[in-house]
Each structure stands twice: as structure tokens, then as C-alpha cells.
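Participant: This is the structure, below, for whatever I ask next.
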Amino acid sequence: MEHVELAAADLLLRPWRDEDAPTVRDALRDPAIAQWNPQGRGPIDDEVALLWVRRRADWSAGDHASMAVTESAGGTLLGSVSLHHIHDGDASIGYWTVPAARGRQVAVRAVVRLTDWAFADLGLHRVELCHAVANPPSCRVAERAGYLAEGTLRESYRYGDGRRYDEHLHARLATDR
Ligand SMILES: CC(C)(COP(=O)(O)OP(=O)(O)OC[C@H]1O[C@@H](n2cnc3c(N)ncnc32)[C@H](O)[C@@H]1OP(=O)(O)O)[C@@H](O)C(=O)NCCC(=O)NCCS
């Protein structure tokens, strides 16, 4: 898959770059991101952050499209939004925002923009969004981004503290109004 950049008002979604690694290192150490976007065991150091960025910058397998969410003016890195498991018209979406960027709908706007692109340009039909029931801000992001709630998955995912949590499954279809 070819890299793209997507504008969304004052946000720019763009592919990850090596120079994002220090901000990613700090973000992945944030307690809320460590809990709800776990990266596996071990400390998050510069090397881990650089590998994280490079893996996400490599779209060559065609199974993911991972974007840095930045301010279009100035380029400050605000968060992450990614389509994962792209296969046969389906994908799942994930996201986080740095603590300083929260509370201004950055995640909602990034999820809407990437989803619209997934339907219009990748030709996907269904995008799923899962979050822990214990993570209400993420549920608000899903609802505000138009992802309908489809049910509760019981103890379906092991999050950062090593415990299994119930999750809400949400999804958007290309044919949703
Ligand atoms: C979830 C997250 C991405 C939302 O980021 P954001 O775009 O900045 O969203 P906001 O801070 O505007 O909050 C989104 C909504 O959650 C609500 N919210 C915030 N804290 C809340 C809480 N403790 N309980 C209930 N709702 C809460 C906000 O009021 C807002 O709702 P509104 O739009 O109706 O006002 C961000 O908090 C984050 O990165 N969290 C840690 C990682 C994470 O949870 N990732 C998602 C994994 S599925």
C-alpha cells in the first residue's frame, strides 16, 4: 500500500517518521496508554519506540495503515490512529492521544477521517472498534465517530495490567448513513 497524508481541518494524519520516536516513547509510558494500548512486556526505551515507529511506517504488507495525528500548523504530534488487520474488506481501528491533546476531540476526528478514507479509497466494507468496558472515554470516541455498539465480548482481551477485561464491540459499515 502507498503512503498517504489525510487532512482533517486543523489536523494532519501522516505516516510515522523516525523523528517521532521520542514523543512515542513518552506517550507509550503514559499510564492510560500503557493500560489500554499495551505494547507487551518490558520497558519502553528509545529502541522500542524507534522500532514501534518503523514498524508502523512500513505499509508494504498491505495489512495495516498506521498514521501519526499531528497539528497541521506546526506539526505537533498529538496521537496515533491505525487500521489493523486489513483483509477482504474488513479492518479494525485503534488510537491514542498524548495527555496534552485530550479533551478536544482529536481522537474522534482522526477516527472519522481514517474511516472515511478506508471506505472511499481502500474500498473496505466493515471496520471494527473494540475497547474495554472499563474505558469510558474510548466508548465516547466510538459513539461520536459513528461506530454502532454491537455487543459485549466477555473477558476478551488482556490489557496492560495483565488482567482480562470485557470489551464493547463497535463497528461502522460503508453502507451506514
Ligand atoms: C480515549 C482517548 C483516545 C480519547 O482521546 P480524545 O480524543 O482526546 O477524547 P476526549 O478527551 O475529548 O474525550 C472523549 C470523550 O470521553 C469523555 N470522557 C473523558 N473522561 C471520561 C471518563 N472518565 N468517563 C466518561 N467519559 C469520559 C469526554 O468527556 C469526551 O466525551 P464528549 O465528547 O461527550 O465530551 C484518550 O483519552 C486516550 O488516549 N486514552 C488512553 C489510551 C486509550 O484509551 N486508547 C483507546 C484504546 S481502545
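The values are calculated or read from the model by the stated rules, or taken from the named source; none is laboratory data. From a predicted model like this one, the values you see are computed outputs, not experimental measurements. Glycine gets a Cβ as well: all are built from the backbone with ideal geometry, and neighbour counts include every protein chain shown. Please note that ligands, DNA and RNA were not included when accessible areas were found on the heavy atoms of the full protein model with its side chains. Shrake-Rupley method; radii C 1.70, N 1.55, O 1.52, S 1.80 Å.
Participant: If I filter the range 85-99 for residues that are within 20 Å of Ala21 (Cβ to Cβ), touching a Leu at 6+ places or on another chain (Cβ under 7 Å) and buried (at least 18 other Cβ atoms within 10 Å of the Cβ), do I get at least one hit?
Facilitator: Within the range 85-99, one or more residues are within 20 Å of Ala21 (Cβ to Cβ), touching a Leu at 6+ places or on another chain (Cβ under 7 Å) and buried (at least 18 other Cβ atoms within 10 Å of the Cβ).
Participant: Across the range 45-63, what is the number of residues that are polar (S, T, N, Q) and open to solvent by less than 70 Å² (accessible area, probe 1.4 Å)?
Facilitator: Residues that pass the stated criteria total 0.
Participant: Quick check on my filter: what residues within the range 69-99 are hydrophobic (A, V, I, L, M, F, W, C) and over 15 Å from Asp10 (Cβ atoms)?
Facilitator: Val81, Leu83, Ile86, Ala91, Ile93, Trp96, Val98
Participant: Select from the range 151-171 the residues that are of a type outside the set (Ser, Thr, Tyr), in contact with a Leu (Cβ under 8 Å, 6 or more places away or on another chain) and within 15 Å of the ligand (Cβ to nearest atom) and list them in ascending order.
Facilitator: Leu153, Asp166, Glu167, His168, Leu169, His170, Ala171
Participant: Out of all the residues in the range 153-167, which are open to solvent by 50 Å² or more (accessible area, probe 1.4 Å), of a type outside the set (Phe, Trp, Tyr) and not in a loop (DSSP other than H, G, I, E, B)?
Facilitator: Leu153, Arg154, Glu155, Arg158, Arg164, Asp166
So that you can scan it fast, the table gives a plain yes or no per residue for (1) assigned to a helix (DSSP H, G or I); (2) under 26 Å from Val133 (Cα atoms):
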| position | (1), (2) |
| --- | --- |
| Met1 | no, no |
| Pro38 | no, yes |
| Val48 | yes, no |
| Trp52 | yes, no |
| Arg56 | yes, no |
| Ala73 | no, no |
| Ile93 | no, yes |
| Trp96 | no, yes |
| Arg104 | no, yes |
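Participant: Okay, moving on. Restricting attention to the range 10-36, which residues are in contact (Cβ under 8 Å) with a residue 60 or more places away in the chain and not in a helix (DSSP H, G or I)?
Facilitator: Asp10, Leu11, Leu12, Leu13, Asp30
Participant: Name the pairs: first residue in the range 113-133 and within 14 Å of the ligand (Cβ to nearest atom), second residue acidic (Asp, Glu) and at pLDDT 95 or above, Cβ to Cβ under 7 Å, at least 6 apart or on different chains?
Facilitator: Cys130/Glu167; His131/Glu167; Ala132/Glu167; Val133/Asp166; Val133/Glu167
Participant: Looking only at the range 25-46, count how many residues are more than 13 Å from the ligand (Cβ to nearest atom) and touching a Lys or Arg at 6+ places or on another chain (Cβ under 9 Å).
Facilitator: So the count comes out to 4.
Participant: Tell me which residues, restricted to the range 131-152, are part of a strand (DSSP E or B) and open to solvent by 60 Å² or more (accessible area, probe 1.4 Å).
Facilitator: Leu148, Ala149, Glu150, Thr152, listed by residue number.
Participant: Given Ser66, Ser82, which one is part of a strand (DSSP E or B), within 14 Å of the ligand (Cβ to nearest atom) and either open to solvent by less than 50 Å² (accessible area, probe 1.4 Å) or within 17 Å of Gln39 (Cβ to Cβ) (or both)?
Facilitator: That would be Ser82, the only listed residue that is part of a strand (DSSP E or B), within 14 Å of the ligand (Cβ to nearest atom) and either open to solvent by less than 50 Å² (accessible area, probe 1.4 Å) or within 17 Å of Gln39 (Cβ to Cβ) (or both).
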